[in-house]
Every structure is written in structure tokens, then in C-alpha cells.
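The values are calculated or read from the model by the stated rules, or taken from the named source; none is laboratory data. What you see is a predicted model; the values in this text were computed from it and never measured. As a convention, Cβ positions derive from the backbone with ideal geometry for all residues, glycine included, and neighbour counts pool all protein chains shown. In case anyone asks, the SASA skips ligands and DNA or RNA and just uses the protein heavy atoms, side chains included. Shrake-Rupley method; radii C 1.70, N 1.55, O 1.52, S 1.80 Å.
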Amino acid sequence: MVAVPRVTPEQAEEIVLRYYGVSASAERLVAEHDDAFRLTTPAGQYRLLKISVTDTPVLEGAGPVSFQTAILLHLARAAPLLPVQRVTAALDGAPEIRITGGEGPARLVRMTSWLEGDLVGRADVSAALRRETGTTLARLNVALRPLDHPGARRTHQWDLQNFGRLRPLLDELPGDGLLPEVAQALPPGARVPAGGLRAALTDCLDRFDDHVRPRLARTPVQVIHADFHGENLLTDGERITGILDFGDALTGPVAMDVGVAACYQLGTAADILSPALDLVGAYHAVDPLDAADLTLAAEFIVARVAARIIVSQGNAMREPANRGYLLRRTPQAVEHLAALRLLTPDEIARSLRAACGTSRGM
């Protein structure tokens, strides 16, 4: 991954004034790859500005738009009650703009409404909020099901359909697969997978290639969020008030979306699955999952935890300036993997089926 120059707040302010006719101050927000800013107008109104590197031309007016913008426009029509951002048109009426020139890469710019709430990842998450998260994800997937866009047929590092492709990244990690600062950040007495972390991660990759990937060929797919967790969700303490960041969205199985979301609701080593079952059961009540879906979701829970350990460390090695942000959740993922490895995949799948009242079957 080649580092690209960051857009400064001053440049963001110039962009919104020139292309949107909006005078506002820009405050940078933390983001893994894109440049994101909270805009504040003189009247005290907030908006969000997202600026992404792009190689794809964007046609003006009513022509094709980027995948992320297409998602937001679709949801505004198909599910107006879902708490997602609404696109603000530029002065020429386009839902997004493409900026070229200078020595840097082309940039795709989108302005949206601002959603209020606190990040779920920074809140005390109750069982009710976990169920609300599952319900909201189900409503989102039902709404996205009819959407077809050429940009959805993409992949990236976090696409668990290609989990096996992370082997070269694992090979680059030092020693037992842990960067020194991650090892030091583990709490005293923290459990590491039996046999060592590198061996456990390799086993996860082997199982996926041998047992999971062959099933995907016969699994239905649709547009999914693929990154539905507390850093991308807002809450007022009881409800989900915002769904953020469709930057990882792609075409994939619903089971992957459920597995990713459940992975971020795991509990302690003594009771690793129970919190995640709240989310999965609530999802199933709105968008029913069959036994095959739940078997795959169980596999994707483990794969996502393993991917978090591999990808976060690999990206941290490539982006030392962003190392603290990229590794902030990795020690927790190591502990979760150790706890999950004490269960068999069938035991995890049985727990998911029990939470949904679904009998076994493939």
C-alpha cells in the first residue's frame, strides 16, 4: 500500500466552498484510509466530507456514480427510515465530484448530512443495544438486497471470501506473529492460542481454504456492509442512530456480514459467545437465516478475528505513522482468538443455531 498525501483541513474548506458553495470550518476525523472531516457552518450546522483516492472516472449529472454514493442514494429511496447519511449535491447537481490536478492522485469527494450520536464502540453496550444492532443490520441487508452496481464486484484486504490470500501478510509478521507492542499490550495472564499464535492463524487459513471456501460457490450473495461494528455505528444509548462508512461494502454472503458484526460483540474468555448471540438472534428475527447461513457465520466469526490480527499488524508495519490507531484493538483480538480456539467450529455453529431456533442442515 503506497502512502498518499493527506488532504489538509484548509484544503477541505477550499473544496467545499468552491464545489458546494458552503463556508465551513473543517475538523479532521480519524479514518483508516480516506480523509474525513466534520464541517461546521457559521450557523452551527454539521456536515460530513469524505475524500477518497480514486482511479475511476466519475460522470457528471445523472450518470453513474461511485459504489458508496450509489448505496446512499439507493437507501434514501428504499429505506428512508434507516439512519444513514443523505448525500448533498454539489453546485452543479452532481452527487459527488472528482478532483484532479497537481502531483497527487485523483480524489473523489462526497458531502453528506451529519448523524448525531455516540460511537457504539465507546459506549457501554447492553444486551438490548446488541439486539438493536442485529435488528438494524438485518433491516439494512433487506434494503440492500435489490441493489446492483458494478462497483460492488470488488475485493479488499478485509474481504473474508478471500481470507486465504492473507498468507503472505502473515509470513511478513515477526516471530510468533505478534508485533512487540501488541505482545506488550496484552494484559498480565492473557491467554494466547495453544501452540502459539502463528500456528493458530495458519490453521485458521488452512481450515478456510479446505472447508469454507468451497461452500461459497453455492452461497447466494448480495451487497453487504462488511464492516458493521462499533466504530461505524452511532447510538443514543438505546437505539442505533447512525450507520457509517460503507467503504468496505461489496458483494458477499449475508453470513459474512453477520459473522463480522458478531465478531465485535464477543465476550470474555469465560463466556465468549453469549453477547454475540444477542445480535445473531435479533438479526434472524428480521431476516431469517437458515442452518447453512449460520454454519458459515460461525466460520466467519473466527476468520474475522484472525484477519483482524493479521491485517492490523501488516498495515501497521506499512504505515508507522498510523500504528497506534491500527493496533488499538489487536490485543483484544488475540484474546478472543484464544477463547474461540477452545471451541470447535461445530460447537460455535450449534450455539448460533440455538440462538435462532434453527435446526441443523446444510
Within the set of pairs 6 or more residues apart or between chains, which connect a residue that is of a type in the set (Ser, Thr, Tyr) inside the range 341-355 to a residue that is crowded, with 19+ Cβ neighbours inside 10 Å with Cβ atoms less than 7 Å apart?
SER351/LEU273; SER351/LEU277
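For every residue, the table says whether it meets (1) modelled with pLDDT under 95; (2) part of a strand (DSSP E or B); (3) out of contact with any strand residue (DSSP E or B) (no Cβ under 9 Å at 6 or more places or on another chain); (4) among the charged types (D, E, K, R).
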position	(1), (2), (3), (4)
MET1	yes, no, yes, no
LEU17	no, no, yes, no
GLU32	yes, no, yes, yes
LEU39	no, yes, no, no
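This table checks each residue for (1) in contact (Cβ under 8 Å) with a residue 40 or more places away in the chain; (2) over 22 Å from ALA143 (Cα atoms).
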| position | (1), (2) |
| --- | --- |
| PRO193 | yes, yes |
| ARG198 | no, yes |
| GLY242 | yes, no |
| ASP248 | yes, no |
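Matching residues to (1) more than 30 Å from ALA76 (Cα to Cα); (2) surrounded by 19 or more Cβ atoms within 10 Å (Cβ to Cβ):
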position: ALA128; (1), (2): no, no
position: PRO187; (1), (2): yes, no
position: ARG191; (1), (2): yes, no
position: ALA200; (1), (2): yes, yes
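Could you please let me know if THR219 is surrounded by 17 or more Cβ atoms within 10 Å (Cβ to Cβ) and at pLDDT 95 or above? First the steps, then the outcome.
Details: surrounded by 17 or more Cβ atoms within 10 Å (Cβ to Cβ): no; at pLDDT 95 or above: yes.
No.
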Which listed residue, of ARG304, ARG308, ARG328, is open to solvent by 10 Å² or more (accessible area, probe 1.4 Å) and in a helix (DSSP H, G or I):
ARG308
Please go through the range 331-347 and pick out each residue that is open to solvent by 70 Å² or more (accessible area, probe 1.4 Å) and in contact with a Pro (Cβ under 7 Å, 6 or more places away or on another chain).
ARG341
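Might you let me know whether the range 349-360 holds any residue that is of a type in the set (A, V, I, L, M, F, W, C), open to solvent by 20 Å² or more (accessible area, probe 1.4 Å) and in a loop (DSSP other than H, G, I, E, B)?
There is no residue in the range 349-360 that is of a type in the set (A, V, I, L, M, F, W, C), open to solvent by 20 Å² or more (accessible area, probe 1.4 Å) and in a loop (DSSP other than H, G, I, E, B).
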Condition first: within 27 Å of THR202 (Cβ to Cβ), assigned to a helix (DSSP H, G or I) and among the aliphatic types (A, V, I, L, M). Now tell me which residues in the range 267-301 satisfy that.
ALA269, ALA270, ALA276, ALA292, LEU294, LEU296, ALA297, ALA298, ILE301
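Quick check on this structure: which one of THR251, THR241, THR268 is open to solvent by 10 Å² or more (accessible area, probe 1.4 Å) and either in contact with a Lys or Arg (Cβ under 8 Å, 6 or more places away or on another chain) or small (Gly, Ala, Ser) (or both)?
THR251
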Expected output for the range 145-168 (first residue within 16 Å of LEU216 (Cβ to Cβ), partner in a helix (DSSP H, G or I) and open to solvent by 70 Å² or more (accessible area, probe 1.4 Å), Cβ below 7 Å, 6+ apart or cross-chain) is GLY164/ARG213
Could you look through the range 147-185, keep only residues that are farther than 26 Å from VAL212 by Cα and open to solvent by 40 Å² or more (accessible area, probe 1.4 Å), and pick out the one that is farthest from the chain's Cα centre (by Cα)?
GLY175
Suppose we filter LEU178, LEU108, LEU166, LEU147 for residues that are among the hydrophobic types (A, V, I, L, M, F, W, C), outside any loop (DSSP other than H, G, I, E, B) and touching a helix residue (DSSP H, G or I) at 6+ places or on another chain (Cβ under 8 Å); which single one remains?
LEU166
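Every residue, every condition in (1) farther than 18 Å from ASP245 by Cα; (2) without any contact (Cβ under 8 Å) to a residue 24 or more places away in the chain, yes or no:
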site: ARG86; (1), (2): no, no
site: LEU91; (1), (2): yes, no
site: PRO95; (1), (2): no, no
site: LEU108; (1), (2): no, no
site: THR112; (1), (2): no, no
site: GLY117; (1), (2): no, no
site: ASP124; (1), (2): yes, yes
site: LEU129; (1), (2): yes, no
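What is the residue count in the range 311-321 for residues that are open to solvent by less than 60 Å² (accessible area, probe 1.4 Å) and touching a residue at least 40 places away in the same chain (Cβ under 8 Å)?
6
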